[in-house]
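Please read the structure below before turning to the comments.
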Number of protein chains: 2
Amino acid sequence: MASSKERILDSFENILIRDGERAATMESVAAAADVSKGGLLYHFPSKEALVDALGERLLALSARDRELMAADPDGAARYYVRTSVYEDSALDRALVAMARLAQQGHPKAQQNFARIQAFWLEALEAALGSHTVARAVKLMGDGLYYEAAFFAGSGANQQSTAEMEQLLELVDLLQSSDRGGS
Amino acid sequence: MASSKERILDSFENILIRDGERAATMESVAAAADVSKGGLLYHFPSKEALVDALGERLLALSARDRELMAADPDGAARYYVRTSVYEDSALDRALVAMARLAQQGHPKAQQNFARIQAFWLEALEAALGSHTVARAVKLMGDGLYYEAAFFAGSGANQQSTAEMEQLLELVDLLQSSDRGGS
DNA sequence: TTTACTGTACCGGCTGGACGGTATAGTATC
DNA sequence: GATACTATACCGTCCAGCCGGTACAGTAAA
């Protein structure tokens, strides 16, 4: 079994994703992690500490993801869109959980978010060589993530492989159009 | 001055957009609408009633928007992407406000949302004749909206006209690619 | 034209419950 | 004896919803 700290953070994520920020109370997180409230407070002295820890986890996961994106043999654009469907990966989960907090107006969550979005856009621009194409590709991926953020909680958002392949061909088309755009 | 009922609903929207669901308490909504708490409760007997009223407003606005989309001389695809940048229109505001509620796990808000999304996708498919292209176009617009949902509150999300035009040209490209896709 | 009454719009205090955080006493393991 | 907890009681704050009351416009019989 994972350490209590990890389990608590996982539970925090879970509840944020499934039930929203409001439901993610200290007590419900503790209960979900099978820890007493006192136990939770022992590891995370405040709710803010919980959010900070989630932020660090997210930052680390997204940095690793950008490396994978840059190195993907299929290309960064395809990688970004392909991995934007919600697959319940560690990154997906941390991202959607943080989205819940950001939507709630949480300042640190919003900053985390804005920073990560900017990093991704830069990485796409660097890989694709065009600001506009990078933007279009990022928007498509973001649209996918946006669906995830709404429906990850309840209701499977199944995307067929065939459908995804057709979408990826359109991504190829966008890339091929690059005739020295800014 | 608009009727108290409209003013209350506008204030509810405002606070949801600017400060998130958590901040949209009955008291703060009443204060923003320049009405006492009792006065608010007179018009909307519960918070649920406020959400329902917002849902009706959103449904009406989105239905009107789909008509405009179908009739736009520039084409539905361009219309959808073009109008997806946040411009603080009545529809934008109602949509982002409802998004805040949906993200919070509010069941009715999620249903409202899912229904409207489906309508838009259908409308795009009908206009573009291709499921895949409609999906790609919708994702790009949704990506734009998703940015709006995060940054509409604080921080201008300015999109230059030139940048938008380049994006729209990519939308044209997607449409022109339609070779009898599903 | 005064009196009695009705309906609409609204005010603001109160209550009960939930939540974040504190405190503390006790337990089990290394 | 230090670490990693459990269990429980408690405090202050915030919030939804309730409730008693006010203000006022209309109306209609006496």
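The values are calculated or read from the model by the stated rules, or taken from the named source; none is laboratory data. Keep in mind that what you see is a predicted model, and the values were worked out from it rather than measured. Glycine gets a Cβ as well: all are built from the backbone with ideal geometry, and neighbour counts include every protein chain shown. Heavy atoms of the whole protein, side chains included, go into the accessibility calculation; ligands, DNA and RNA do not. Shrake-Rupley method; radii C 1.70, N 1.55, O 1.52, S 1.80 Å.
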Using the Cα centre of the range A:47-176 as the reference point, and only Cβ charges (+1 on K/R, -1 on D/E), how large is the resulting charge dipole? Debye, rounded to the nearest 20. 480 debye
Other chains near A:167-177: what is the mean number of their Cβ atoms within 10 Å of each residue's Cβ? 4
Buried by partner chains in the range A:79-111 (accessible area down by at least 40 Å² vs chain alone, 1.4 Å probe, heavy atoms, protein only) are A:R100, A:Q103, A:Q104, A:Q110
Solvent-accessible area per residue for the protein assembly as shown (1.4 angstrom probe, square angstrom): 43 Å²
Below 8 Å, C-alpha to C-alpha, sequence gap of six or more: please give me the relative contact order for chain A in percent. 25 percent
Between the range B:1-27 and the range B:95-139, the Cα center-to-center distance that results, in Å: 24 Å
Checking the a/c ratio against 1.5 first, then a/b against b/c, what shape does the Cα gyration tensor give for the protein assembly as shown? oblate
Exceeding 29 Å between C-alpha atoms, which entries from my cross-link table qualify? They are A:K47/B:K47; A:K5/A:K108; B:K5/B:K108; A:K5/B:K47. A:K5/B:K47
Inter-copy separations for B:R115, label at 7 Å along Cα-Cβ, nm, ascending: 4.1
By its C-alpha gyration tensor, with a ≥ b ≥ c as the square roots of the eigenvalues, how is chain A shaped: rounded for a/c under 1.5, else prolate for a/b larger than b/c, else oblate? prolate
Going by average Cβ density within 10 Å per residue, which order do the peptides A:13-24, B:164-175 take, highest to lowest? A:13-24, B:164-175
Measuring from its Cα centre, the protein assembly as shown shows a charge dipole (+1 at each Lys and Arg Cβ, -1 at each Asp and Glu Cβ) which, in debye to the nearest 20, is 860 debye
For A:K5, what accessible area in Å² do you get when you roll a 1.4 Å probe over the heavy atoms of the protein chains, rounding to the nearest 10? 100 Å²
Net charge, B:E48 excluded, C-beta distance under 14 Å - Lys, Arg +1, Asp, Glu -1: -1
7 Å along Cα→Cβ for the label point: how many nanometres lie between B:D88 and each equivalent label in the other copies, listed shortest first? 4.3
Cα convex hull volume per residue for the range A:8-110 (Å³): 97 Å³
Run through the other copies and list how far each one's label point is from that of B:G39, in nm with one decimal, shortest first; the point sits 7 Å from Cα along Cα-Cβ. 5.1
